[in-house]
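The values are calculated or read from the model by the stated rules, or taken from the named source; none is laboratory data. The shown structure was predicted, so the numbers you read here are calculated from the model rather than taken from an experiment. All Cβ positions, glycine included, derive from the backbone under ideal geometry; neighbour counts span all protein chains shown. With ligands, DNA and RNA removed, areas are computed over all heavy atoms of the protein, side chains included. Shrake-Rupley method; radii C 1.70, N 1.55, O 1.52, S 1.80 Å.
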Amino acid sequence: MASQMAILGRTRSLIKALQSNYANTSVKTISSFPSLSQEPQLAESPATADPTPLPPNPASGSPLYNENWRSPIPPSATQSVIPLGFLNLVPGHRIQTMAQTFDAKSLMDQFANWVASQEWAAIKELFESWVKSLDKNGKPNKPDVNLYNHYLRANLMIGFSAGELLDLLAGMEDFGIAPNTASFNLVLKAMYHAKETEAAQKLLERMLLTGNESRPDNESYDLVIGMLFLTGEIDAALKYIDLALKSSYMLSMNVFTNCVNSCIKKGRLDTLAAIIEKCKTMDQNKALCPPWNVCYLIAETAMHQDNSKLAYHALEFMAMWIARGEKARPPASLSVDEGLLVSALATAGRTYSSTLLDAAWSILRRQRKAPNPESYLAKINGLASMGNLQRAFSTLHDFEVAYGDSSEETEEMFSPFTSLHPLVVACSKKGFETLDSVYFQLESLSRAENPYKSVFALNCVILGCANIWDIDRAYQTFEAIGSSFGLTPDIHSYNALMHAFGKLKKTHEATKVFEHVVSLGVKPNALSYSLLVDAHLMNRNVKDALTVIDDMVAAGFEPTKETLKKVRRRCIREMDYDSDDRVQSIAKSLNIRMGSEARRDILFNLNYSMDFA
């Protein structure tokens, strides 16, 4: 910097000296800085712009010649100032070059690349320029249906309405091409987004009436059916589902799930079961399976409405999910709530559906833990209601093997008066015919290679004989427990025999059975006392019935409200008011609210005379 300032000072002093010597000569400094590079440089040649293309030949018959060729499609009034995708547009001169040099195949390849990058505005602009250009033979470019579908798709993605797409669809006739199924599906997608259900149904009907090239496919039905379900038009949706299944088309999982939810919401369970059955018969749709939570919803709704077919399909879907989980890597363990399966077994018993019962039991056996007693009882009751006594007693045998050793809970679980009562009813359904058949089968099984002897099964036969007032068969079966089967009667055996004597008003014999039980050291239960009370009431012996109740309370049992009401009712009919007061005091001491018998008294005191006839 110092050297530069020194040179500058010398230059200024030299100029002053020259000015004094040559006063008439004007000398000016070029620059106050050291010498600058002033080498000559060549000027850049201006860039040559691409020539503007000529308009198409009027004699070529271009369908768009009647429009302004510089702007073939006027801008829509609804478009924004900056159109969608403005920043991604290909430069105009490049579009024009492509339109003049590409053939149909090259144009299709370019569209494929732009579809991958979602340059919809570029596809639209290039197509419109290409159809106005001439090919190498001097003829206007003519697109095929696939190229035109790319144009339709670009307009759909830009945001054109269904009406505008229909106008573009009608323009295909100018090029001598007919729309195919994909063309109509693009319009249906626009209608789907706008929820135009009526127009979509009309368009689908139009597709059905046209040729094979434009008949509806899986996507067409899915769009229309899904739109109808979203708008709540379930009847129309079910009509097109039935049409699609008859035409052997495959339903999408989304449409199938919407169908399930809509049918459940509207209570169309039979229709839903019919649709599922049709899907099961088709190779294309038999693999359809709704989500796991939807399977639960189907099962619970079907069981609540006692629809055994739909409940069976729900369990079938669950089994498919369990099988998929077992095959997955790593395995996914899925299990069904046992309470739901017990409900399914109960529904099978109410609706007499063996298929539902077998499906529920097969899923139950695949669970990691053994079935609960409630599951066994539900299956026994279901088989008994169907009249399949052989399988019912076989299940009873499995139940005994699983829970027969639990002494504390065995008494109630295997009681013919409560848990096994449906089996008792089934044994006595046809009177002695069914009872004898069951007895002889049990007797033959006791002599088999692997003998099956069950005192619980024989108790059901004894109580069944009591239900048909056959004391002889009941007593013979009771004696056969020890003599023929080599078993020891339990408290339920004695209770069943007491019930048989009590129903025939043989109170003395029933009392003898009770005394025999006590003498053997077998502890009577609450039901034993209740049966003895009933036997006394059958003979209108209120005082002895109250004595048994006192013994019952002394033994540590409480009489039920129903038993006390029976005694009180008999006291009123026998006009034994002292005994009635005693019943009231017993109920008060046990905190049992007896309630009133007003409605029963009205029936009891009806005047059946002919005075009002």
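Close Cβ contacts (under 9 Å, 6 or more residues apart or on different chains) running from residues in the stretch 306-327 that are on the phi > 0 side of the Ramachandran plot to residues that are part of a helix (DSSP H, G or I) and charged (D, E, K, R) comprise Asp306/Arg350. Of the helices (runs of 4 or more DSSP H) lying entirely inside the stretch 536-589, those carrying at least 2 residues that are under 54 Å from the mean Cα position of the chain (by Cα) and under 24 Å from Phe501 (Cβ atoms) are 542-554, 561-573.
Here is a list of conditions, (1) open to solvent by 70 Å² or more (accessible area, probe 1.4 Å); (2) at pLDDT below 85, and Gln100 meets all of them except one; can you say which number that is? Result: Gln100 passes all but (2).
In the set (1) among the polar types (S, T, N, Q); (2) open to solvent by 90 Å² or more (accessible area, probe 1.4 Å); (3) under 14 Å from Ala496 (Cβ atoms), the condition left unmet by Asn450 is number (3).
Taken over the stretch 391-414, the criterion of being at pLDDT below 90 and farther than 17 Å from Asn372 by Cβ is satisfied by Ser407, Glu411. Residues that are part of a helix (DSSP H, G or I) and out of contact with any helix residue (DSSP H, G or I) (no Cβ under 7 Å at 6 or more places or on another chain) were ranked within the stretch 481-490; the one that is surrounded by the most Cβ atoms within 10 Å (Cβ to Cβ) is Gly482.
Of all the listed residues (Ser129, Ser183), the sole one being modelled with pLDDT of 90 or more, over 25 Å from Glu205 (Cα atoms) and surrounded by 14 or more Cβ atoms within 10 Å (Cβ to Cβ) is Ser129.
Check whether at least one residue in the stretch 328-349 is in contact (Cβ under 8 Å) with a residue 40 or more places away in the chain, open to solvent by 10 Å² or more (accessible area, probe 1.4 Å) and polar (S, T, N, Q), and report yes or no. Yes, the stretch 328-349 contains a residue that is in contact (Cβ under 8 Å) with a residue 40 or more places away in the chain, open to solvent by 10 Å² or more (accessible area, probe 1.4 Å) and polar (S, T, N, Q).
Hey, which of the helices (runs of 4 or more DSSP H) in the stretch 357-456, taking only ones fully inside, have at least 2 residues that are closer than 28 Å to Leu310 by Cα? By residue number, 373-386, 389-403, 421-427. Can you name the residue in the stretch 103-126 that is exposed (fewer than 13 other Cβ atoms within 10 Å of the Cβ) and of a type in the set (S, T, N, Q) and, of all such residues, is farthest from Gly159 (Cα to Cα)? Only one residue fits best here, namely Ser106. Applying the selection to the stretch 523-533, what residues are under 51 Å from the mean Cα position of the chain (by Cα) and either polar (S, T, N, Q) or assigned to a helix (DSSP H, G or I) (or both)? Asn525, Ala526, Leu527, Ser528, Tyr529, Ser530, Leu531 - these are the residues of the stretch 523-533 that are under 51 Å from the mean Cα position of the chain (by Cα) and either polar (S, T, N, Q) or assigned to a helix (DSSP H, G or I) (or both). In the stretch 282-290 there is at least one residue matching the filter, namely being over 22 Å from Met386 (Cβ atoms) and in contact with a Ser or Thr (Cβ under 6 Å, 6 or more places away or on another chain). Taken over the stretch 226-247, the residue count meeting the criterion of being of a type in the set (Ser, Thr, Tyr), open to solvent by less than 10 Å² (accessible area, probe 1.4 Å) and under 19 Å from Asp283 (Cβ atoms) is 0. Of the helices (runs of 4 or more DSSP H) that lie entirely inside the stretch 162-238, those containing 2 or more residues that are free of Cβ contacts under 8 Å to residues at least 12 places away in the same chain span 162-170, 197-209. When the stretch 293-315 is limited to residues that are assigned to a helix (DSSP H, G or I) and open to solvent by 60 Å² or more (accessible area, probe 1.4 Å), the one that is nearest to Leu345 (Cα to Cα) turns out to be Tyr312. For the stretch 495-506, indicate whether the set of residues that are in a helix (DSSP H, G or I), at pLDDT 90 or above and surrounded by fewer than 19 Cβ atoms within 10 Å (Cβ to Cβ) is non-empty. No: zero hits.
Restricting the stretch 259-285 to residues that are of a type in the set (Gly, Ala, Ser) and more than 14 Å from Glu316 (Cβ to Cβ) leaves a set whose member that is surrounded by the fewest Cβ atoms within 10 Å (Cβ to Cβ) is Gly267.
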